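Q: I have a structure here, written as structure tokens, and I will follow up with some questions on it.
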Amino acid sequence: MAFSDFQQKLTDALREFASAELGAELAQIAAEVPPKTELGDLAFPVAFELAKELKQKTGEKQNPRAIAERIAPVLESFEFVDRVSIAGPGYINVYYDRAAFVASRSERPSLAEHGSAGDKICVEHTSVNPNKAAHIGHVRNSVLGDTFVRILRAAGHDVEVQNYIDNTGVQVADVVVGFIHLEGMDLEAIKSLDAKLAGEGRSFDYFCWDLYTRVGQEYQQNEALKENRAETLHMIEAGDNPTAELADYVATRNVECILDTMERLSIRYDLLPRESEILHLHFWEKAFGLMKERETIRLETEGKAAGCWVMPFESHEGSDEHETDKILVRSNGTVTYTGKDIAYQMWKLGLLGLDFHYRHFSTYANGQDVWITSAKVTANDLSVPEFGHAEKVYNVIDTRQSYPQEVVKKGVALIFPERGEDASVHLNYEMVALSPTAAEELGFELSEEDRSKSFVEMSGRKGLGVKADDLIDRLEKDAFAEVEKRHPDITDEEKNGIAHQIAVGALRYFLLKFTKNTVVIFDFKEALSFEGETGVYCQYTAVRANSIFRKLDENAVAEAYETISGSRSAVSELFAGEDGDGIWSLIALAARLDEAISQSVNAAEPATLARYAFNLSKAFNLFYHHHRIIDESDAVKRSVLVAAADHAKTALTSALATLGIQVPERM
RNA sequence: GCUCCCGUAGCUCAGCAGGAUAGAGCAUCGGUCUUCUAAACCGAGGGUCGCACGUUCGAGCCGUGCCGGGAGCACCA
């Protein structure tokens, strides 16, 4: 049984007691982890609240300590509770039975079993415009999304991962304009360029990155090119023409490149829904019809938005410059992104009444398949899984898009009030910006104004950004050098493998340690660090733990648990002794993994789990420096130390896996 | 103008649903490797939690006002 189960039982008992004996109905019972191990494993400040409530009821002043005294025996009656103490003005501190707990080997009944079947959750993340290489800002989105997916799965949910491909948007059009009008290329020329780049070890998405920047610069002085953009965008949206075909090739190649980048970080997808299918399979028309039917939108006949279909939006004030309502259909009849997203969200929730066709896109090295949407029915080499039909949807999107996301959420809720606004969650996070120093290290000339700012925003259009693959390459190179220092004897292949795991650990943790609404100001020194609060520190800790078990006999762990079970009183004595609190605090922290995961889920905040992994690592290192495990001569103590290390290792490895961080055999 | 977010140690950030003496990393200074990996550990210094009022037994957290910073309010996404 885990600590979370203990807490559940105790709060239930408390609630019942308060109701039956004191006549107080407690809706929520606060519980907290005491600041120090000596103060117990769980604390209830509930006596303060009860004192207040009883005073209101009876008019008599109540002493919280006296109430706490009455509650203590109730909690003490549980077999997993060793004792209860009243501390300070009336805290009820619960101490678990340490010897009994440590004896139960922490086999994780993987939280998966807690989940109820059928509550499918859909998480959309990454959704990088397929017109250039991914940069560090995109990676924050992907790492947050992927980690949240892992956390949801660890909490027992069935999750489907979607990466939306905006293959018919302005950004793709811009690169297409570059290929056609700046490079003078047709589809065949692009294909041979692609082959040539591959031969030179250069990548297509990097070429597009530079080309996109050039197009952006050219627009500023070339009006004709801007006209080409509008025309190109129109051709791409319409489909079935050479420009659209060219755009499809460019977008698809960029998707492949971006998926390769993400695969380096162990980030994978189930489905790639494309905007072209939203258009061609008439998802919008269907949603549009439903919205008109339910009168959630109206056709504007006068004012600035005359001729547009808009959704009323009262919570935002209008002004001279800004409209109150959100335009979904432009006066020329085309649909805005927000409009298309409403249709897409409805599909995700299984509310649209239409479906995509699907085509197998590729298979990952681990055997997982990725599917992509298709406008046409295709012959399937594998049976197509069911996509969409989710109970709940999380959209991992930059906080700057909060306003349109609010419109989307409201739009869906207005059409399907029975599902409400809760069905769709905008998992928003702040951007990644560059420190002025980092921008200069990338070779960008900064204006006086930029230099005085605390950060510089990245810009795909200006080509200002840290490309994901560049950063991973650099991390792998640095990690390789560190591995070589420590293990000169192993093969390069092994070194590369370890360096890769370290690089991924460093990068993922770096992006997860900040809470979502903190702007990450990217700094090379910090991102490349392998010391202190980093993923590498956590990995190193787990590696240390593993090397203990590697040096122990094969069945030493099983024997340790047997010894503990057979000598309960000696174990209790040990825990009551001078090393007791120290050893127990590690075991207790390891037992809180479930709580860290459910907190992460409830707050939709992966940083919570990242911090937990770091704190557990610190606790293990403290323990490690305090005790010699293998050399311990006292058999009982040695067994407890082995069991404590085992509890910690299991929890840490599991926490790291949930963060998408692997533990190398050595490093 | 309106909406949202932020302000905690020199720097970068945590701080759970309001609870016990406000924490971590980095940086600085001083200690630890014949040992289960020193990518580590221990110690020291460093705080009017932006300011002011209020609610509460109790406020970094809640409310109001102010100051300072950021983002958004497109027929872009």
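The values are calculated or read from the model by the stated rules, or taken from the named source; none is laboratory data. None of the values given here were measured: they were computed from a predicted structure. In this analysis, Cβ positions are derived from the backbone assuming ideal geometry, glycine residues included, and neighbour counts consider all displayed protein chains. Just the protein is used for accessible areas: all its heavy atoms, side chains included, with ligands, DNA and RNA removed. Shrake-Rupley method; radii C 1.70, N 1.55, O 1.52, S 1.80 Å.
Q: Which one of these is over 38 Å from the mean Cα position of the chain (by Cα) and on the phi > 0 side of the Ramachandran plot: A:G184, A:G239, A:G201?
A: Working: A:G239 fails: over 38 Å from the mean Cα position of the chain (by Cα); A:G201 fails: over 38 Å from the mean Cα position of the chain (by Cα).
Going through A:G184, A:G239, A:G201 in turn, the sole match is A:G184.
Q: If we keep just the residues of the stretch A:34-62 that are surrounded by fewer than 17 Cβ atoms within 10 Å (Cβ to Cβ), modelled with pLDDT of 80 or more and assigned to a loop (DSSP other than H, G, I, E, B), which is nearest to RNA strand B (Cβ to nearest atom)?
A: A:P34
Q: Here is a follow-up. Please specify each residue of the stretch A:353-386 satisfying the condition of being in a loop (DSSP other than H, G, I, E, B) and buried (at least 20 other Cβ atoms within 10 Å of the Cβ). Lay out the reasoning, then the answer.
A: Residues of the stretch A:353-386 that are in a loop (DSSP other than H, G, I, E, B), as a first pass: A:353-356, A:364-368, A:375-386.
Across the stretch A:353-386, the qualifying residue is only A:F356.
Q: Right, something else. Go through (1) within 11 Å of RNA strand B (Cβ to nearest atom); (2) at pLDDT 85 or above; (3) within 20 Å of A:R70 (Cα to Cα) one by one and return the number of the condition A:D12 breaks.
A: (1)
Q: Right, next: Tell me which of these A:A645 doesn't satisfy, since it passes every other one: (1) crowded, with 19+ Cβ neighbours inside 10 Å; (2) within 10 Å of RNA strand B (Cβ to nearest atom); (3) in a loop (DSSP other than H, G, I, E, B).
A: (3)
Q: Right, next: Just give me the residues in the stretch A:20-32 being surrounded by fewer than 16 Cβ atoms within 10 Å (Cβ to Cβ) and within 30 Å of the chain's Cα centre (by Cα), in sequence order. Before you say what the answer is, go through the steps one by one.
A: As a first pass, look at the stretch A:20-32 and keep what is surrounded by fewer than 16 Cβ atoms within 10 Å (Cβ to Cβ): A:20-21, A:23, A:25, A:27-28, A:30, A:32.
Once the filter is applied, which keeps residues that are surrounded by fewer than 16 Cβ atoms within 10 Å (Cβ to Cβ) and within 30 Å of the chain's Cα centre (by Cα), the stretch A:20-32 yields A:Q28, A:A30, A:E32.
Q: Just to be sure I understand, how many residues within the stretch A:602-614 are at pLDDT 95 or above and either near RNA strand B (Cβ under 8 Å from one of its atoms) or under 30 Å from A:S569 (Cα atoms) (or both)?
A: Qualifying residue count, the stretch A:602-614: 5.
Q: Using beta carbons and a limit of 8 Å, which pairs, at least six apart or on different chains, have the first residue in the stretch A:345-370 and on the phi > 0 side of the Ramachandran plot and hydrophobic (A, V, I, L, M, F, W, C) and the second one part of a helix (DSSP H, G or I) and at pLDDT below 95?
A: Close Cβ pairs satisfying both conditions: none exist.
Q: Taking the residues in the stretch A:571-597 that are assigned to a helix (DSSP H, G or I) and within 10 Å of RNA strand B (Cβ to nearest atom) as candidates, determine which candidate is farthest from A:R544 (Cα to Cα).
A: A:E595
Q: Specify which of the listed residues (A:S116, A:S104) is at pLDDT below 90, hydroxyl-bearing (S, T, Y) and open to solvent by 60 Å² or more (accessible area, probe 1.4 Å). Walk me through how you get there before you give the answer.
A: Details: A:S104 fails: open to solvent by 60 Å² or more (accessible area, probe 1.4 Å).
From the options A:S116, A:S104, the qualifying one is A:S116.
Q: If you don't mind, there's one more thing I want to ask. Checking the condition under 16 Å from A:A610 (Cβ atoms), hydrophobic (A, V, I, L, M, F, W, C) and either open to solvent by less than 10 Å² (accessible area, probe 1.4 Å) or more than 11 Å from the chain's Cα centre (by Cα) (or both), which residue from A:V159, A:V143, A:V123 passes? Before the answer, list the steps.
A: Details: A:V159 fails: under 16 Å from A:A610 (Cβ atoms); A:V123 fails: under 16 Å from A:A610 (Cβ atoms).
Being under 16 Å from A:A610 (Cβ atoms), hydrophobic (A, V, I, L, M, F, W, C) and either open to solvent by less than 10 Å² (accessible area, probe 1.4 Å) or more than 11 Å from the chain's Cα centre (by Cα) (or both) holds for just one of A:V159, A:V143, A:V123, which is A:V143.
Q: In this structure, is A:K467 within 15 Å of RNA strand B (Cβ to nearest atom), touching a residue at least 40 places away in the same chain (Cβ under 8 Å) and among the basic types (K, R)? Break it down stepwise before answering.
A: On the way: within 15 Å of RNA strand B (Cβ to nearest atom): no; touching a residue at least 40 places away in the same chain (Cβ under 8 Å): yes; among the basic types (K, R): yes.
When the stated conditions are applied, A:K467 does not pass them.
Q: Which of the following residues is open to solvent by 10 Å² or more (accessible area, probe 1.4 Å), within 19 Å of A:H626 (Cβ to Cβ) and not acidic (D, E): A:I548, A:I583, A:I498, A:I587? Working first, answer last.
A: Numbers: A:I583 fails: open to solvent by 10 Å² or more (accessible area, probe 1.4 Å); A:I498 fails: within 19 Å of A:H626 (Cβ to Cβ); A:I587 fails: open to solvent by 10 Å² or more (accessible area, probe 1.4 Å).
Of A:I548, A:I583, A:I498, A:I587, the one residue that is open to solvent by 10 Å² or more (accessible area, probe 1.4 Å), within 19 Å of A:H626 (Cβ to Cβ) and not acidic (D, E) is A:I548.
Q: Take the stretch A:64-100 and flag every residue that is surrounded by 17 or more Cβ atoms within 10 Å (Cβ to Cβ) and in a strand (DSSP E or B).
A: Within the stretch A:64-100, A:V81, A:D82, A:V84, A:I86, A:Y91, A:I92, A:N93, A:V94, A:Y95, A:Y96 qualify.
Q: Please state which one of A:A607, A:A556, A:A613 is more than 24 Å from A:A103 (Cβ to Cβ), surrounded by fewer than 21 Cβ atoms within 10 Å (Cβ to Cβ) and among the aliphatic types (A, V, I, L, M).
A: Values: A:A556 fails: more than 24 Å from A:A103 (Cβ to Cβ); A:A613 fails: surrounded by fewer than 21 Cβ atoms within 10 Å (Cβ to Cβ).
Of the residues listed, the single one that is more than 24 Å from A:A103 (Cβ to Cβ), surrounded by fewer than 21 Cβ atoms within 10 Å (Cβ to Cβ) and among the aliphatic types (A, V, I, L, M) is A:A607.
Q: Quickly run through the stretch A:242-280 and pick out the residues that are over 21 Å from the mean Cα position of the chain (by Cα), open to solvent by less than 30 Å² (accessible area, probe 1.4 Å) and not basic (K, R). Please lay out each step first, then the result.
A: In the first step, residues of the stretch A:242-280 are kept if they are over 21 Å from the mean Cα position of the chain (by Cα); the result is A:242-254, A:256-257, A:274-280.
When the remaining residues are screened for being open to solvent by less than 30 Å² (accessible area, probe 1.4 Å), the result is A:243-244, A:246-247, A:250-251, A:254, A:257, A:274-278.
Listed by number, the residues that qualify are A:T243, A:A244, A:L246, A:A247, A:V250, A:A251, A:N254, A:C257, A:E275, A:S276, A:E277, A:I278.
Q: How about the stretch A:387-409: which of its residues are within 16 Å of RNA strand B (Cβ to nearest atom) and either in a strand (DSSP E or B) or in contact with a helix residue (DSSP H, G or I) (Cβ under 7 Å, 6 or more places away or on another chain) (or both)?
A: Passing the criteria: A:N395, A:V396, A:I397, A:D398, A:P404, A:V407, A:V408, A:K409.
Q: Here is a follow-up. Criterion first (in a loop (DSSP other than H, G, I, E, B), of a type outside the set (K, R) and touching a Gly at 6+ places or on another chain (Cβ under 8 Å)) does A:I661 satisfy it?
A: Criteria met by A:I661.
Q: Tally the residues that are more than 23 Å from A:V335 (Cα to Cα) and open to solvent by 30 Å² or more (accessible area, probe 1.4 Å), restricting the search to the stretch A:213-241.
A: Total satisfying the criteria: 8.
Q: Ok, one more. Which count do you get for residues in the stretch A:473-527 that are over 26 Å from the mean Cα position of the chain (by Cα), free of Cβ contacts under 8 Å to residues at least 24 places away in the same chain and near RNA strand B (Cβ under 10 Å from one of its atoms)?
A: Adding up the residues that qualify gives 5.
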